[in-house]
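Take a look at the structure set out below.
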């Protein structure tokens, strides 16, 4: 019988030659189908790898469906909500303001926000940009997370606010700001609000001008600035459950979680508070609510876009940051210390973290998703069924990005040798060898 051979193609998708046989089945087919385990299946996947940061191209792969309902295929150019890789991109934008002398990493953010931000159990401890971006501020995602458009961020973070939640947006007394790592999206909502206060611009527009446009990517926070043609090739996110809480049915249909439908360009997709129903987004005032444009997870980008961001990391920040600014951002400010409690690293996945940047330590059973990963920098993401990763070797000019657009079972069921999923490990391992 004829056989099929698959190769990863520079600048394009997966190139197939010959015909399919069971003996020559592409491993990506098995990954897509869960290798016989329905609970491990994914609806779509895409990856990109590069080996020379000075060259614009990337080796890409894409399989499965970007939209199950229409049967539209996943491509390397299909943008998706990339989850927490957005934090790394937000940090890049903030560091352009640090480099310009507009703000210091150890400044008291209350002086910029225009209202006092203090941990109620540590009122003398200043909350600073360094502490926010390294998740050492003492902030937590409160029960009423997030704060929607139409309310100020202070509604959650200042006593007496409508979403104060009895101070539940802050950690317990034993976890002082500056000493304890506790991963929380709200940190980057504050960072986005700082960007708006310092620049006078809406966060989404600032990020497009300072980071995304200089890299030539067709990405945007909550679809800001993304053309209709790009929106039309988006990847919908799925679970085989109505929500992360279940009930899960691996044998059942894929259930869309996000981006099945979108507003037409140039409109944005934002969460709106009940009292703001009917309020136009154009009425938003910079510095009002850093959550609105999704700095913590709302960037829509493809793996091709992420590869462009990865090449910036491999170039030590060029063209938007000087090497010394980039070093201040990427050097870990926190490392897990097994000898004493000093933080909860997202279930053990995070063991070293800078300013919006994770450093893989290659610790067995923790942050070792692919062979030789020690020292690679970047960020992982998971939300609404998607899992994602952007990882770069900081001195060898190599990098990878990947998206898997759904989960057929809870993430905990699909853990691999690391704290990432086995699906991510399989795709990352392939990209590392590309």
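So, residue 317, is that one within 27 Å of residue 110 (Cα to Cα), assigned to a loop (DSSP other than H, G, I, E, B) and out of contact with any strand residue (DSSP E or B) (no Cβ under 9 Å at 6 or more places or on another chain) or not?
Here the answer is no, as residue 317 does not meet what is asked.
Please go through the range 218-230 and give me each residue that is touching a strand residue (DSSP E or B) at 6+ places or on another chain (Cβ under 8 Å) and under 14 Å from residue 267 (Cβ atoms), ordered by number.
Within the range 218-230, 220, 221, 222, 223, 226 qualify.
Within the range 388-403, is even one residue within 27 Å of residue 247 (Cβ to Cβ) and not in a loop (DSSP other than H, G, I, E, B)?
yes
Condition (residue is in a loop (DSSP other than H, G, I, E, B), touching a residue at least 12 places away in the same chain (Cβ under 8 Å), touching a helix residue (DSSP H, G or I) at 6+ places or on another chain (Cβ under 7 Å) and farther than 24 Å from residue 332 by Cβ) applied to the range 122-141: is it met by at least one residue?
no
Across the range 322-334, what is the total count of residues that are in a loop (DSSP other than H, G, I, E, B) and over 20 Å from the mean Cα position of the chain (by Cα)? Steps first, answer last, please.
Applying the first criterion (in a loop (DSSP other than H, G, I, E, B)) to the range 322-334 yields 322, 331-333.
From what's left, over 20 Å from the mean Cα position of the chain (by Cα): 322.
Within the range 322-334, residues that are in a loop (DSSP other than H, G, I, E, B) and over 20 Å from the mean Cα position of the chain (by Cα) number 1.
So residue 60 ticks every box in (1) assigned to a helix (DSSP H, G or I); (2) in contact with a strand residue (DSSP E or B) (Cβ under 9 Å, 6 or more places away or on another chain); (3) touching a residue at least 40 places away in the same chain (Cβ under 8 Å) but one. Which box is left unticked?
Every listed condition holds for residue 60 apart from (1).
Answer yes or no as to whether residue 114 is surrounded by fewer than 22 Cβ atoms within 10 Å (Cβ to Cβ) and under 21 Å from the mean Cα position of the chain (by Cα).
no
Restricting to the range 366-386, give me the number of residues that are touching a strand residue (DSSP E or B) at 6+ places or on another chain (Cβ under 9 Å), outside any strand (DSSP E or B) and in contact (Cβ under 8 Å) with a residue 24 or more places away in the chain.
6
Which count do you get for residues in the range 162-175 that are touching a helix residue (DSSP H, G or I) at 6+ places or on another chain (Cβ under 8 Å) and surrounded by fewer than 21 Cβ atoms within 10 Å (Cβ to Cβ)?
Residues flagged as touching a helix residue (DSSP H, G or I) at 6+ places or on another chain (Cβ under 8 Å) and surrounded by fewer than 21 Cβ atoms within 10 Å (Cβ to Cβ) within the range 162-175 amount to 3.
Quick one: would you say residue 401 is farther than 19 Å from residue 83 by Cα, buried (at least 19 other Cβ atoms within 10 Å of the Cβ), touching a residue at least 40 places away in the same chain (Cβ under 8 Å) and in contact with a helix residue (DSSP H, G or I) (Cβ under 6 Å, 6 or more places away or on another chain)?
no
So, residue 88, is that one in contact with a strand residue (DSSP E or B) (Cβ under 8 Å, 6 or more places away or on another chain), modelled with pLDDT of 95 or more and outside any loop (DSSP other than H, G, I, E, B) or not?
Numbers: in contact with a strand residue (DSSP E or B) (Cβ under 8 Å, 6 or more places away or on another chain): yes; modelled with pLDDT of 95 or more: yes; outside any loop (DSSP other than H, G, I, E, B): yes.
Against the criterion (in contact with a strand residue (DSSP E or B) (Cβ under 8 Å, 6 or more places away or on another chain), modelled with pLDDT of 95 or more and outside any loop (DSSP other than H, G, I, E, B)), residue 88 qualifies.
So which of 178, 225 is in contact with a helix residue (DSSP H, G or I) (Cβ under 9 Å, 6 or more places away or on another chain), part of a loop (DSSP other than H, G, I, E, B) and closer than 21 Å to residue 122 by Cβ?
Only one candidate qualifies: 178.
Residues 36, 101: which one is part of a loop (DSSP other than H, G, I, E, B), within 30 Å of residue 132 (Cα to Cα) and either in contact with a helix residue (DSSP H, G or I) (Cβ under 9 Å, 6 or more places away or on another chain) or modelled with pLDDT of 95 or more (or both)?
101
From the list 426, 412, 408, exactly one residue is surrounded by fewer than 23 Cβ atoms within 10 Å (Cβ to Cβ), at negative phi, at pLDDT 95 or above and more than 18 Å from the chain's Cα centre (by Cα). Which is it?
426
Looking at 241, 219, 209, 235 in this structure, which one is over 17 Å from the mean Cα position of the chain (by Cα) and buried (at least 18 other Cβ atoms within 10 Å of the Cβ)?
Exactly one of 241, 219, 209, 235 is over 17 Å from the mean Cα position of the chain (by Cα) and buried (at least 18 other Cβ atoms within 10 Å of the Cβ), namely 241.
Quick one: would you say residue 132 is within 24 Å of residue 387 (Cα to Cα) and crowded, with 24+ Cβ neighbours inside 10 Å?
Against the criterion (within 24 Å of residue 387 (Cα to Cα) and crowded, with 24+ Cβ neighbours inside 10 Å), residue 132 qualifies.
Out of the residues in the range 352-363 that are in contact (Cβ under 8 Å) with a residue 24 or more places away in the chain and more than 17 Å from residue 393 (Cβ to Cβ), which is surrounded by the most Cβ atoms within 10 Å (Cβ to Cβ)?
356
The values are calculated or read from the model by the stated rules, or taken from the named source; none is laboratory data. If you're wondering where the values come from, they're calculated on a predicted model, not measured in any experiment. All Cβ positions, glycine included, derive from the backbone under ideal geometry; neighbour counts span all protein chains shown.
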